[in-house]
Each structure stands twice: as structure tokens, then as C-alpha cells.
1. I'd like to know which of ALA98, VAL134, PHE235 lies farthest towards the positive end of the charge dipole of the range 2-276, counting +1 on Cβ of Lys and Arg and -1 on Cβ of Asp and Glu.
2. Going by C-beta contacts inside 10 Å, put CYS325, CYS217 in order with the fewest on the left.
3. Need the full-extension length gain, GLN279 to LYS55, defined as separation in residues times 0.36 nm minus the C-alpha distance. One decimal, nm.
4. Just to confirm the filter: which GluC sites (Glu not before Pro) across the range 79-124 are DSSP coil and have at most 15 other Cβ within 10 angstrom of their Cβ?
5. Amide H of SER361: which non-local residues (sequence gap of 5 or more, or other chain) have their own amide H closer than 5 Å, using H built in the peptide plane?
6. Would you mind ranking MET484, MET1, MET192, MET415 by Cβ crowding within 10 Å, fewest neighbours first?
7. Taking neighbour counts of Cβ atoms within 10 Å as a proxy for exposure, in what order, fewest first, do TRP349, TRP185 appear?
8. State to the nearest 20 debye the size of the charge dipole of the chain about its Cα centre, where the only charges are +1 on K and R beta carbons and -1 on D and E beta carbons.
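Values in this text are rule-based calculations from the coordinates and carry no lab data. All values reported here derive from a predicted model rather than from experimental measurement. Cβ: placed from backbone, ideal geometry, glycine included. Neighbour counts: every protein chain shown.
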Amino acid sequence: MTAILEAEAIRLTEQHRLDQLKTAKERNKWGQFATPPVLSLDIALYAWDKLNRRKGSFSFLDPAIGTGSFFGAFLQKFPKDRIETATGIELDEPFAEAANAIWHKQGLKVIQGDFTKRKPEAIYNVILTNPPYVRHHHLLAEEKLRLVALAQAATGLRLSGLSGLYCYFLLIAHDWLADNGLAVWLIPSEFMDVNYGEAVKRYLTERVCLLQIHRFCPSDVQFDDALVSSAIVVFEKRKPNPDHKAVFSFGGTLAMPAKSEGVTLDRLRSTKKWTSLPQQGGNGYEADSITLGDLFTVKRGLATGNNDFFIVPRDKLKQLGIPACYVRPILPSPRYLKQEVVDADAEGWPVINRQLALIDSILSEEEIGREWPQFAEYLAEGKKQGIHEGYLASRRSPWYTQEKREAAPFVCTYMGRNRERPFRFIWNRSKATVANVYLALYPKSSIAAKLTGNADKVFEALRAIHADHFFNQGRVYGGGLYKMEPAELMRLPADNIAKILGVKPEQQKSLF
């Protein structure tokens, strides 16, 4: 054991040295985020607890070995006399050389190369790994086609072209894992919610026996430089029993989670967002409850293409020569909007300290030049900066016109970090529109009239929606950053609001 601990100490030094050779941007492109030693040990101990009653020897594989964090942990938790073989594969040559130098005396065979371009020379019954988190836009189109074909050949499942590299690793490794073998994958939890994760979820419910998925509390970031929340996925390569339940756990450690729940495969297959598991407590609601989507259409706020140019302080309009008839009010970003009820002045502008105006005109540049020369100069300056060539502006005619959108009576912040109250609802009584840092709630035609005289009660009901519902439907990123998309917000329960508006559950489908 002394030799193993000495090798691990050397590994940590080498890990630090190699990390310094790349910038954070370069390591992000490579998807290199080192596994903390404590976490590697927790995972290896968990694997041993699952396997120690089995007879025979163990063969270890890490298809993204790095400097060998998981192998070092494997050696510390598995008896040496039961380890038959161990292989690590690593694309980055300096890391492969370091792993070989540190661990070859302990029996690790290091292969320098691309795991996805190798065929299994042996089959392994233990896979412990943290695969590279390379986003899809760093993968070339022809590379994606190759990876899709490999994953499909291994599992019969076709991954989306939006999948990260870790998804391909997971499916391709199916051919490397022995029947009844155990695999523990440390991967981003985003696959649990996004559309491109559907193939991965099918793999975990149809091709293997999913034992556990453990998610870490988002405030406990596992990787200092990776803005993702992480999950540990554990499965065995065998068909599950029909009544099998997979454990979904959250917080704490893999072995001692803060919350856990056994979930049937049928329920898993019908649950769109796996991060809603385990259930957060007594705040669930029935599937046939009325949701916000039954009462409101939710849209992201306006995407201007360049907020710094198209949104200007109202008190600077005269100085810039921009006529008031070619702007409309827009709320500032949430950090500058302190109040949650926004009243309007006589002209419909929000009564707030930071009044902002959104440029929006359908006049041609020639017409503006004849009538409003200063305004034309402002636009000309924007063209010098290339703003008219931006993705959104270049698709508009004229390039400084905006999407026509009425002010929404209620808006919700798009992102938040406060776990007690991750998102804020704002009652917008002004004519101000909002940018895409907000979600705008537009009442459906059948209930618009019902809001009159009830808006204050509806607003309080919106504010009373329990935070757990946001966690169940939204998504979370490392460091405790919560995000909510329109479709996710529309899935939140709204029975209390329906009651205020006189809408009964049995009426919802006929009304909407």
C-alpha cells in the first residue's frame, strides 16, 4: 500500500504540472477536468462494495485514464491478489506518458490513442471513468458521423449530433464491458433532461441494468473549472428484472446520499426530466393538474442582437437624436430591477430608476437620414462596428427593427442562484417589453378577461409556487446556477391560479 500511496502523491504533482501546460480554454476544448481524489476513492469503494461477494478476479478499464486517478483509487480499494489486468487509454500523449511512468509497475497497461478508434482487445468487468466532456461544437461533422455509427453498432441506438463526446464514450464502451460487468461513469448530468440525452436514457433502461444515478448538490461543484453539474451513473451489463428499481439519489455522497428513491423502469421511461428524481418531498402534483401552460403562453424575451447598441437610457434619447416615436420601453435586467411590481406612468413607461428604451423603427435609413440626421448618425456608427452584420440584425429588414411583441403582464427571471427562491416573478403593469433574460407570460385568450380584477391574486399565486417545482422542471449548472426554459416553466402546477380564475381541472382541455 505504501508504494501505491507514493505513486498517488506523484500523480497529483504531475496532474498539477500538466494542467498548467494548457489554458482553461484549451482544457475545455479537450474536455479535460481532473477527478478529485476523494471522489475517485468514493467511487472505487462503492464499486468494491458492489463486487466483493463475487468470485474470481477483476479486470479494470478506464477509457480516459488521464494521469490515473481512478486506477490509483482502484488499487487502494480492491485486493491486489484479485486484480487480473488493468488497462488505461488516453488520447493526450503527455498524460498517457505520465500515467505509464507512474503506474506501470503497479500493473497498468497504458495505451496512447483515441479510445473511439480502437476495437476491444480484451473484455473488462470493471469500468471506472470520467470521460472527456467535449461539447458537440468541438467535434467535426465527419467525426460525429463516425461516432454515431460506432455507438449504433455497439448498442443499436442512434445518438443525436448534439451529443457531447461523453455520450459516445458511454455507448461505445458497451462492447468493452463483460456480461454482468460493473460500470461507473462520472459524467455531466445534463443528459438527464435534454433531448439529445434520450438515446443515453434508452440505453440505461433497455440495454443494461441501471443501479444508481447520484447527483451532487449544485452548490458542491465537483470540478472547479467545469460549469456543469455532475452525476455518477452506475450499471451492470445485464437485463434488469421487470420489477427492477433504480436508485436515484441527490446530495451527500454516492454511498450516503442526502435523499434517495427507488424508481421503476416504467416510471423512468415515462419521465422526461430525470433530474426531478428523487422527489423533493411533499410538493408533488398529479399529472392531470392544471399547469401554467394551460393558462399562459410562455416565451423568451426579445433577442435584440446587441443590447448595448439597441437599448439606450431613456434620458439620453435627445442627446443621441433618437425620436421617442422610434423606441419603446424595455425593462432592465433583473440585477437592476429591484421591485417586483412595476407600475406605469401616464405614457406607459415603467416607474423605475433605470428607464431604458429599445430602438425599433421600420423606416429606411434614407428616410431616417432626411428627417432625423442625428439618429441616422447613430445607426451609421453601428454599421461601422458591424452590428448590422450580426446573426439577428442581418436577418431583419431594416436591421434595426425588432420583433413585435406586446408587454406581458407577468414575467419571470430566466436564471437564478438563490436556492430558496431561484426565480423571481414580476408583475409588469407598464408597457415595457423584456429582453431574453426574462420569460414572458401571456394569458391565453380564454382567460385574459378573467385577469381583470384578479391580477394581484394571480401574482401572489405565482410567487407562492414552491421552489421544488422549479427544481423538478428546470435545469441546474455547477455552482448552483438554475435555468428555466419556456416549456419547463409551462409545466409548473397552476391549480391555485386556476381556482382564482374560476377554471376547473375538467375544463382545461376544452378551454385551451
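1. PHE235
2. Placing the least packed residue first, the sequence is CYS325, CYS217.
3. 77.0 nm
4. Here the sparse-neighbourhood loop sites are GLU121.
5. Amide H neighbours of SER361, under 5 Å, 5+ apart: THR401, GLN402.
6. In increasing order of surrounding Cβ atoms, one gets MET1, MET415, MET484, MET192.
7. So the ranking, lowest neighbour count to highest, is TRP349, TRP185.
8. Once rounded to the nearest 20, the dipole reads 780 debye.
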